[in-house]
Amino acid sequence: MITAERKPLEELIQYVKPFKRILLLGCNECVTVCAAGGRKEVGLLASGLQMALLKSGSNIEIRQHTLERQCDPEYVEELVPMIDGAEAVMSMACGCGVQQIAMRFKDKPVFPAVNTKFMGASERQGVWAERCQGCGNCLLGTTGGICPIARCAKQLMNGPCGGSTGGNCEISEDVDCAWQLIWDRLKALGLTDRYLDIIPAKDWRTGGGSGPRKIIREDLAE
Amino acid sequence: MENFEPVIVAFCCHYCAYTAADMAGSQRLPYPANVKIVQVPCSGKVDALHLVTAFEKGADGVYVAGCLEGDCHFKKGNERALRRINYVKKYLEEIGLESERLEMVNMSAGMGHRFAQLATEMTEKIRRLGPSPIRTAIAQ
């Protein structure tokens, strides 16, 4: 899922200070899973903002609402009855959601409450790690299910490099060497011969190298 | 502030802390009436949102009382409570409240004396810190 972390409260206070009534929006998907922008985090942030502003003598009315997703216009449309009551909107969704809100309600200032980080998976409760960078041409079938683009610091197609030490990447002992992981996987699968096949240089045109990407499904798009 | 009486919320776990509070009562051990006890099944049931809301409503101090380390009736509830409290302490500093207003304490069901002692200590600590700026702001 897409992971995110709440921005420092100080920054958020600066965003909302000029307003008297704001709408604080959570998202029930990715940011809920990584405990950054779900219904509970909306409650926590509303409370924190109110207290911080009360302390400095100002008052703010914060309406709290959590949408199922903010990246689909059908869900954003649900805000229509409550948008007039707000001078500004703060969204706890990932960047996709924030932009969708801003696009639909062009006359309302929209602020992000979280910093969107990466596409990742849970390693264990409370720990999320980067797994995918959306390169547009997945080669996980070749590399034993480990991604050298997301998990190798150099994004090598034919690693490891000389910096791989004790199974760790040279950038930090907390980071696994992706190619060590790939080799271990290929060994476990009995496919070590595949390591000798050279993977050609990555064509980044599918990976964001040609600008913003779009998918159009002709069977679905009216 | 003269004659300020702290309002302190104590989330007490049913198995240890609440029972200890009960024992303090049956042994007639005095403790300040400033402490308002909220019984929870386990200290691990207390969520960050409960703690933050207590301060939002004007509590001057909050503490969560759970079983002794290693002895949680639900195995690890008190460990989770401690992690949450440490997290909320940092949040309180971001908001502008002193993180000492929130504490985690541990006791066993038989420690009526400890309950009374901690209740007294917390009340005095909060009295020295003064009223919560939120409580002051709400009053205005």
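Using only the C-alpha atoms of the range A:44-180, find the volume of their convex hull and express it per residue in Å³.
Values: hull volume 23.5 nm³, N = 137.
That works out to 171 Å³ per residue.
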Size of the range B:76-132 as Cα extents on the principal axes (Å, biggest first):
37, 30, 9
Compute log10 of I(q)/I(0) for the protein assembly as shown with the Debye formula, placing one identical point scatterer on every Cα and leaving out solvent, at q = 0.10 Å⁻¹, to two decimals.
-0.82
Counting partner chain Cβ atoms within 10 Å of every residue's Cβ in A:50-57, what's the average?
6
What are the residues whose amide H is under 5 Å from the amide H of A:Cys152, where those residues sit 5 or more places off or on another chain and H is modelled from the backbone?
none
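Just from its helices, what would the mean residue ellipticity at 222 nm be for the protein assembly as shown, if runs of 4 or more DSSP H residues each count -39500 (n - 2.57) and the sum is divided by every residue, rounded to the nearest 500 deg cm²/dmol?
Numbers: 13 runs with 126 residues, N = 362.
Calculated mean residue ellipticity at 222 nm is -10000 deg cm²/dmol.
State the antiparallel share, in %, of DSSP beta bridges confined to the protein assembly as shown, rounding to the nearest 5.
That works out to approximately 25 percent antiparallel.
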Would you mind ranking A:Leu196, B:Leu129 so that the residue whose beta carbon has the fewest other beta carbons within 10 Å leads the list?
A:Leu196, B:Leu129
For helix A:95-104, report the angle its Cα long axis makes with the longest principal axis of the Cα atoms of chain A; keep it between 0 and 90° and round to the nearest 10°.
40
Work out which GluC sites (Glu not before Pro) in chain B are exposed loop sites (DSSP not H, G, I, E or B, at most 12 other Cβ within 10 Å) and give the longest gap free of them.
B:70-140
What is the distance, in nm, between label points placed 7 Å from the Cα along the Cα-to-Cβ direction at B:Phe4 and at B:Gln117?
2.7
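Please find the FRET efficiency linking B:Ser108 to A:Glu5, where r is the Cβ-Cβ separation and R0 is fixed at 51 Å, and quote it to the nearest 0.05. Working shown, then result.
Values: r = 38 Å, r/R0 = 0.74.
Taking R0 as 51 Å, the efficiency between B:Ser108 and A:Glu5 is 0.85.
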Using only C-alpha atoms and all pairs of different ones, pull out the Kirkwood radius for the range A:136-207 in Å with one decimal.
12.5
Approximate shape of the range B:8-139 as ellipsoid semi-axes (Cα gyration tensor, √5λ), whole Å, largest first
23, 18, 11
Whole number please: convex hull volume per residue of the Cα set in the range A:1-108, in Å³?
85
Among A:Leu44, A:Leu189, A:Leu23, whose mean-square fluctuation peaks in a Gaussian network model of chain A (Cα, cutoff 10 Å)?
A:Leu189
Residue with peak Gaussian network fluctuation, chain A [Cα springs, cutoff 10 Å], from A:Trp128, A:Trp204, A:Trp179
A:Trp204
Under 28 Å Cα to Cα from A:Lys187, which lysines show up? Leave out anything in the same chain fewer than 8 places away.
A:Lys154, A:Lys202
Candidate lysines - alpha carbon under 19 Å from A:Lys17, same-chain residues fewer than 8 apart omitted
A:Lys7, A:Lys55, A:Lys108
Expected max-MSF residue from B:Ile95, B:Ile126, B:Ile37 in the GNM of chain B (alpha carbon, under 10 Å) is B:Ile95
Kirkwood hydrodynamic radius of the range B:48-97 from all distinct Cα pairs, in Å?
11.8
Taking every alpha carbon pair in the range A:74-124, what does the distance histogram look like in 10 angstrom bins from 0, in percent?
23, 49, 18, 9, 1
Quantify how strongly other chains surround peptide B:85-93 by giving the mean number of their Cβ atoms within 10 Å of each of its Cβ atoms.
1
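Where a number appears in this text, it was derived from the coordinates with a stated rule and is not lab data. Owing to the predicted nature of the structure, the values given are computational and were not obtained by experimental measurement. Every residue, glycine as well, gets a Cβ built from its backbone with ideal geometry; the counts of neighbours run over all protein chains shown.
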